[in-house]
Amino acid sequence: MIKDYFINTVEQALQEAIKSNKVGQMSEYEKGTLVVEKPKNPDFGDFAINVSSLARVAHIAPPMIANAIVAEISDTENAYSVVGGFINFKAGKKLLSNLVGEVFKKRENFGKPENINSEKILLEYISANPTGPFHIGHGRWAAMGSVLANLLKFYGHDVYQEFYINDAGSQIKKLGNSLAIRIRQELGEKVDFPTDEVERKNYYPGDYLVPVAKKYLSENPQLKNIDNIDVKTLSDYAKLEMEKLQRALLDNFRVHFDRFYSELDLHKSGKVEKCVDLLRKSGKIYEKDGAEWFRSSDYDDDQDRVIKKADGSNTYLTADIAYHADKFDRGFDRLINIWGADHHGYIPRVKASLEALGYDSTKLEVLLGQLVNLVINGNEVRMGKRKNMVTLDDLIEEVGVDATRFWMTMRNIDTTLDFDIELAKTNSDENPVFYVQYAHARCCSILRHVVSEQVNAETGEKTKAPMSENELKALIDGFTPDVVLPTLETAKKLVLKLEEYKSMIKTSAENRQVYTICRYVQELASEFHSFYNANRVISDDKQMMSARIALVWAVKTVLYNALEGLLAVDAPERM
RNA sequence: GCCCUGGUAGCUCAGCUGGAUAGAGCGACCGCCUUCUAAGCGGUAGGUCAAGAGUUCGAAUCUCUUCCAGGGUACCA
């Protein structure tokens, strides 16, 4: 609102200046050329617009343009100044107090943009094999994906979250084979996983199947040997158990999918075969070495890909193509996938196939995420498919859901994430999660304190609460912007930070970047802690107290919205 | 070889659609609790933005080359 006010004022003044021929050869202004930014040095002002971009059209020096524009501005409530090609702006009390008023009015909807072009979005993330527990990397996609879903929904999109279960390939057979070995071991047979380099790749040697084997035996107590049991039976059993495990974890991790889409069901539905037919009809399929190849190199891919193997079965890619086509067929305007960087090679293939099938592949956005390194006692532990795998379950149990979600979200998706377990566990300002939560708890503490009777620490003498419950309620429910005027002089930075929430939401949602929410919330917490230390909220000055209480309430509300509403991290009232 | 990410303060990272003196947190050092949570705040020190060249009035940001790190390069999933 403050930013909008500033740019509108400047644009209007520019139109006036153009009309009266004061900006050189400029004959019209194209909206959107000028952007509001934050001055690097706060002494310049709260916001600034650089008019240098107009110099090309106007053919006069930027400072002259800036001066010509400011000369047309008649607003006296806010301050404008020109330095070089910049028009600097200092917000007056009216704009600031109105902003706080907006928080009171909109509450949980503060920051939600208006008039956006709402899309029906399918967001796919994690999509792991049901062959074992999640590893730490999955945790990053889980946290980022669910936060992105919350953010895009808040922004105004219609978001459908989906988890694609890769339950159709050979790895399911491996799972069954592995369970068979675990069951034999439980039955007392002297068997173990093969040690042979090649053979061992057909098994999952992790011990997570031991409890599954035990469970299977307890349900089939008469079983003495499993020679007659079909591997598929064991595969299906283990798969179901793994899925249960994964879903329980997701639930606990506050990640909620609208649908778990089974690859196996996709095959059974005939959609994969239908997709192969459509590709054949597109004329982009040819035969070579007994297999059918898709001419993806006609698009952006660097080589062609096998769509049907020589043995007649489909590749993983084939099913994935059918899956993405099905997403479009279900009527989604936009597909967003979060994939690990190790899948980046897949993007050109899938996009090529979608083009060949007649879909608009630019509607598919793939967010590539770099992987996660675990840092334990200052030492990096590389993840990946090593034997000493730390599972996501272990991590969450160690550091908690809040810290795990926050840490997994707080870095740009393009950078490898160093997850420092020790730091994530600390309860101090070294740990950003606690720092932010503490700010929220502090706000709550003040709001509690102001309606509690005061006790003198030395004499034990009690005096009545600075505000009654009713007075507080009346202040919050009947808030008018002028209430906050007395404190604006000392709280300007805090109010401007509240204003920033709106642009943060906008850019985060539009760029699909969730780490910015974490940064914002840390900055708001920091501004609040500063405010808290510099200003006493509860005091004998009734007007000042009301003003500050209102501001504290506004800060609390925004922190709560960001933490609970977007990040799905607990905003505690006490710590 | 080719493709994708990174390389910015001791550490972890912002900034990258070109623009005002390169920012934050942690760590280090110096201060601040008779008052609403010191799990906090204020301050100081710390940088050839990997290297080189180019484009530009202007480059951490764009282009090219080189070096370093991670990932990928299957008729696996």
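The values are calculated or read from the model by the stated rules, or taken from the named source; none is laboratory data. Worth saying up front: this structure is predicted, and the values here are computed from it rather than measured. Methodologically, a virtual Cβ is constructed for each residue, glycine included, from the backbone with ideal geometry; neighbour enumeration extends over all protein chains shown. For the accessible areas, the whole protein counts, side chains as well, though only heavy atoms, and no ligand, DNA or RNA atoms are used. Shrake-Rupley method; radii C 1.70, N 1.55, O 1.52, S 1.80 Å.
Each residue, A:SER74 and A:GLN303, gets one label point 7 Å from its Cα in the Cβ direction; the gap between the two is 7.2 nm. Rounded to the nearest 500, the helix-only mean residue ellipticity at 222 nm of chain A stands at -15000 deg cm²/dmol, with each DSSP H run of n ≥ 4 adding -39,500 (n - 2.57). A crude spin-label estimate for the pair A:ASN511 and A:VAL191, with each label 7 Å from Cα along the Cβ direction, gives 5.5 nm. Seen through its C-alpha gyration tensor, with square-root eigenvalues sorted a ≥ b ≥ c, chain A comes out oblate because a/c lies at 1.5 or above while a/b is not bigger than b/c.
For region A:2-91, lysine pairs with C-alpha atoms less than 26 angstrom apart, excluding pairs fewer than eight positions apart on the same chain, total 13.
Probing with 1.4 Å while keeping every protein chain in the model, the per residue accessible area of chain A equals 48 Å².
Computed on protein heavy atoms with a 1.4 Å probe, the accessible areas place A:ASP482, A:ASP326 in the order A:ASP482, A:ASP326, largest first. Given a 1.4 Å probe and the protein chains as shown, A:ARG349 ends up with an accessible area of around 50 Å².
Note on region A:431-575: Lys pairs 8 or more places apart or on different chains, Cα atoms under 30 Å apart, count 26.
Residues A:LEU264, A:LEU317 ordered from highest to lowest accessible area at a 1.4 Å probe: A:LEU264, A:LEU317. When the listed pairs A:LYS244/A:LYS271; A:LYS173/A:LYS244; A:LYS174/A:LYS244; A:LYS274/A:LYS309; A:LYS173/A:LYS274 are checked against a 21 Å cut-off, the alpha-carbon distance exceeds it for A:LYS244/A:LYS271; A:LYS173/A:LYS274. Rolling a 1.4 Å probe over the protein heavy atoms of region A:48-146, with every protein chain left in place, gives an accessible area that is 50 percent carbon and sulfur. How would region A:269-366 be classified by its alpha-carbon gyration tensor: rounded, prolate or oblate, with rounded meaning a/c under 1.5 and the a/b versus b/c comparison settling the rest? Prolate shape, in that a/c is at least 1.5 and a/b is the bigger ratio.
Over chain A, Cα pairs under 8 Å with separation of 6+ residues give a relative contact order of 15 percent.
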